[in-house]
Structures are given as C-alpha cells and as structure tokens.
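Remarks on the structure that follows.
The values are calculated or read from the model by the stated rules, or taken from the named source; none is laboratory data. As the structure is a prediction and not an experimental result, all values here were calculated from the model. Cβ sites come from the backbone with ideal geometry, for glycine too, and all protein chains shown count toward neighbours.
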Amino acid sequence: MKKLLMILASVALMASVAQADVKKGQKAYLKTFKSDFAMNGTKFAVEHSVAQWEALFADGAKGFIKEYGERFPSAQAKLNNPANAEKLQDIGDFVKEYGNDSGNVPSCG
C-alpha cells in the first residue's frame, strides 16, 4: 500500500511539472512575443495542429524560428537570441498543449 502511494505521488508530481512548463510557456509568449506577433496567446496557439507545432519545435525550434522570423521580421533578434532558447522550449510546450486540434483552450489574452 505504501509503495502504491509513493508511485501515485510520483506520477502526480511529474504531471504538475509538465503543466508548469505549459504555464511558463504561456507567460513567456505573452511577455516576449505577443507584441511582435500581434496576436494573443489563444490565437497564436491555434495557428497550427499539435503535430505541426511538434515539427516546428523539433531540433531546437529551428522550424519555428524560420517560419515566425520570416512572418515577423521585427521578432528575428528575439527568436535568434540564444538567451531565449529555454523560453522557446517552454513556448513549444504551451502551443503543443493548446494546438488547434487539442481540444484545449488557454485562458490568456
């Protein structure tokens, strides 16, 4: 019984850590890119399906940086800044959670 409780506690902890990256990504998007992309977090997240977001954020987010750098030239410096690499991964977690085919809707402006 004690072992089962430990396993359940571990699973719950892992789930909350994964959710934390989604929330962190939501905040990072709003703070870093919302003004450059001229869309709120909800509109941004539903631009692609979950699979499309996964492809864009694969390999260090190279596809995302390329696509959004071309669409929003004013954001290129931020997109290519190595200091934003961790933020980009968190933003990837956010959009994969709320892609247009996920059935989830973020509560952000």
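Points to keep in mind about this one:
- Scanning the range 41-56 for residues that are closer than 22 Å to Ser107 by Cβ and part of a helix (DSSP H, G or I) yields a count of 7.
- Filtered residues of the range 9-39 (kept if farther than 19 Å from Phe72 by Cβ, among the aliphatic types (A, V, I, L, M) and either surrounded by 15 or more Cβ atoms within 10 Å (Cβ to Cβ) or modelled with pLDDT under 50 (or both)): Ala9, Val11, Ala12, Leu13, Met14, Ala15, Val17, Ala18, Val22
- Of all residues in the range 69-98 being assigned to a helix (DSSP H, G or I) and in contact with a Leu (Cβ under 9 Å, 6 or more places away or on another chain), the one that is farthest from Leu30 (Cα to Cα): Gly69
- Residue that is farthest from the chain's Cα centre (by Cα), among those in the range 100-109 that are within 17 Å of Ala28 (Cβ to Cβ) and surrounded by 15 or more Cβ atoms within 10 Å (Cβ to Cβ): Cys108
- Members of the range 22-40 found to be in a helix (DSSP H, G or I) and over 10 Å from the mean Cα position of the chain (by Cα), listed by number: Leu30, Lys31, Thr32, Lys34, Ser35, Asp36, Phe37
- Pair list, Cβ under 6 Å, 6 or more apart: the range 66-93 residue of a type in the set (Val, Ile, Thr), other residue at pLDDT 95 or above: Ile91/Gly25; Ile91/Ala28; Ile91/Tyr29
- So Asp101, is it in contact with a helix residue (DSSP H, G or I) (Cβ under 8 Å, 6 or more places away or on another chain) and in a loop (DSSP other than H, G, I, E, B): yes
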